[in-house]
Amino acid sequence: MKIFRLTLAAALLTAGTLAATSAQAQAPLKIGYTDVQYVLAQMPESKQIESELKTYNDQLAAQLKSKSGEFETKLKAYQQGGPTMTDVVKADKEKELQGLQQSIQEFQRSAEQSLQQKQQTLLKPALDKLQKNIDIVANENGFTYIFNSDGGGSPLLLHAPKDGDISDLVLKKMGITPGAAAPIKSGPVATPAPAAAPAASKTKTKTKK
């Protein structure tokens, strides 16, 4: 997959170079770039986004911890009372524990998806503001195209001169003094995984001849 991406990027780069060469005779072409994560992390909205994401994550983690605690309590009761349980009661308890374990796993998957959606919702206004200011800076400085130098692990921009970086210009346009800041991240809802539920026991019925 990485080889395919690099090959595709090279093809696009070659096509872009040819297009730029032919376009130079018609109009000047000026290409710039910015690190979206670098700019976004320094916007004042980022602290509020981080705070709301942490609160939401803590709420989900508390619910998951409560579900895990219920499972552990019932599992312990099952283990302690196992020798005195009838086959019917034992099978019923095992079915209940397996259902609880499945519910916990489904909740964890749902919580992680919900956290990602929450992050996207919170980031949208900030990203819209960032895009608006990128457009303004690009127009004011005569840039034809602006690329993102941080492509989420696979940067689109592999090499460029420093004077093409408009990150600090965008920050200044928003009234922010450029400086290093950590990017906004949302971690998965993390709690200890519950112990495995016991396998359902098979009840044998003996018939007398």
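Being closer than 30 Å to residue 58 by Cβ, modelled with pLDDT under 90 and not in a helix (DSSP H, G or I) is true for just one of 182, 160. Which residue is that? Write out each step before concluding.
On the way: 160 fails: closer than 30 Å to residue 58 by Cβ.
Exactly one residue qualifies, and that residue is 182.
Each row is one residue, and each column tells you yes or no for (1) more than 22 Å from the chain's Cα centre (by Cα); (2) loosely packed, with under 14 Cβ neighbours inside 10 Å; (3) basic (Lys, Arg).
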residue: 103; (1), (2), (3): yes, yes, no
residue: 121; (1), (2), (3): no, yes, no
residue: 141; (1), (2), (3): yes, yes, no
residue: 150; (1), (2), (3): no, no, no
residue: 156; (1), (2), (3): no, no, no
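Of all residues in region 50-84 being open to solvent by less than 40 Å² (accessible area, probe 1.4 Å) and more than 30 Å from residue 37 (Cβ to Cβ), which is modelled with the lowest pLDDT? If you could, list the steps in order and put the result at the bottom.
Step one: filter region 50-84 for residues open to solvent by less than 40 Å² (accessible area, probe 1.4 Å), giving 53, 57, 60-61, 64, 68-69, 71, 75, 78, 81-82.
Checking the rest, the ones that are also more than 30 Å from residue 37 (Cβ to Cβ) come to 68-69, 71, 75, 78, 81-82.
Values: 68: 94, 69: 94, 71: 93, 75: 91, 78: 88, 81: 82, 82: 73.
Among them, the one singled out is 82.
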Residue pairs qualifying under the 6 Å Cβ cut-off, at least six apart or on distinct chains, with the first in region 123-144 being touching a residue at least 60 places away in the same chain (Cβ under 8 Å) and the second being open to solvent by 70 Å² or more (accessible area, probe 1.4 Å), are 142/30; 143/30; 144/30
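The values are calculated or read from the model by the stated rules, or taken from the named source; none is laboratory data. Just so it is clear, the model here is predicted, and its values are computed rather than measured. Ideal geometry is used to build each Cβ from the backbone, glycine not excepted, and the neighbour counts take in all protein chains shown. Keep in mind that these areas ignore ligands, DNA and RNA; they rest on the heavy atoms of the full protein, side chains included. Shrake-Rupley method; radii C 1.70, N 1.55, O 1.52, S 1.80 Å.
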